[in-house]
Amino acid sequence: SWGWPEDLAQLRGNGKAAADPEGVRAFTDQEIEQLREAIKGSRLTAADSVAWDALICFGLRPKELQALELQRRNGVLVAVVSRSKRSSRGSSGARIIPAVPPAGWPTDCCGLLERWKQHGLPPGVLDARSPGQLLTQQLRRLHLPEELTAYGLRHAFALRLGLDLGLHVREAAELMGHSPAVHLATYGRRLDGPGLQAKVAGLVKVRAGV
């Protein structure tokens with residue numbers, strides 16, 4: 001009668017020892033396409049699609065959708081975020097973020113600016129106390145993997161900045177709206193992992209005389 005799996009799980013704690021060895025759970029490009037296809041086949045509106053694509057292309061916190069303006073500057077699609085954030089880990093103010101869509105997407109993010117002007121953002125998201133919770137509930141109804149949340153698109157954006165574009169941690173952190181220390185603490189494992197594994201494999205080969 002002892003519910004040992006639940007009790008045992010609590011013994012892991014919530015510190016670094018309990019962290020997923022793979023690092024943060026981010027959407028893959030394939031999962032992003034699955035999300036967009038699921039939205040097309042659902043009852044969600046064109047405004048909902050705009051909200052999801054904005055999270056994908058700009059790495060926003062869901063709450064930042066509530067103070068968002070899209071513009072084209074010098075031919076580049078950008079998001080102007082005017083919402084500030086303060087917490088025990090630091091603060092961030094207004095910032096401008098150039099679009100960084102997944103590989104294979106057009107630079108205009110599938111006409112995102114025009115769609116935003118036409119449809120806007122869904123009132124439910126704009127009025128929600130916790131947009132992230134609302135959007136994650138949508139993911140559950142769309143039958144995406146249980147471990148994915150709306151924040152997983154922000155994680156995917158951060159990894160694109162580091163792994164695909166090769167931005168320095170300080171540069172990526174500025175676009176994300178947090179400090180380099182927070183960026184490293186959150187994404188360092190995923191950003192450094194591939195290079196570290198390749199380095200170790202190379203050293204092992206050298207030691208073995210291969």
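Computed values, structure above
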{"item": "The lone exception for PHE58 - which of (1) more than 20 Å from LEU159 (Cα to Cα); (2) modelled with pLDDT of 95 or more it fails", "result": "(1)"}
{"item": "Breaking point among (1) modelled with pLDDT under 90; (2) surrounded by 12 or more Cβ atoms within 10 Å (Cβ to Cβ), for GLY93", "result": "(2)"}
{"item": "Sole residue being assigned to a helix (DSSP H, G or I), closer than 20 Å to ALA54 by Cα and either modelled with pLDDT of 95 or more or not basic (Lys, Arg) (or both), chosen from LEU121, LEU191, LEU153", "result": "LEU153"}
{"item": "First in the range 135-150 and in contact (Cβ under 8 Å) with a residue 12 or more places away in the chain, second anywhere and surrounded by fewer than 19 Cβ atoms within 10 Å (Cβ to Cβ) and of a type in the set (Lys, Arg), Cβ under 7 Å, 6 or more apart", "result": "GLU147/ARG25; LEU148/ARG25"}
{"item": "Residue, most open to solvent (accessible area, probe 1.4 Å), within the range 80-90, restricted to residues that are at pLDDT 70 or above and closer than 11 Å to GLY177 by Cβ", "result": "ARG83"}
{"item": "Residue list for the range 65-76, restricted to those being open to solvent by less than 10 Å² (accessible area, probe 1.4 Å) and part of a strand (DSSP E or B)", "result": "LEU70"}
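Residue-wise test of (1) within 19 Å of SER82 (Cβ to Cβ); (2) without any contact (Cβ under 8 Å) to a residue 40 or more places away in the chain; (3) surrounded by fewer than 21 Cβ atoms within 10 Å (Cβ to Cβ); (4) not aliphatic (A, V, I, L, M).
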position	(1), (2), (3), (4)
PRO106	no, yes, yes, yes
GLN118	no, no, yes, yes
VAL125	yes, no, no, no
LEU161	no, no, no, no
MET176	yes, no, no, no
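The values are calculated or read from the model by the stated rules, or taken from the named source; none is laboratory data. Values in this document were obtained by computation on a predicted structure and should not be read as measured data. Counting neighbours? That spans all protein chains shown, and the Cβs are built from the backbone with ideal geometry, glycine included. Quick note on the areas: whole protein, heavy atoms, side chains included, nothing else; ligands and nucleic acids left out. Shrake-Rupley method; radii C 1.70, N 1.55, O 1.52, S 1.80 Å.
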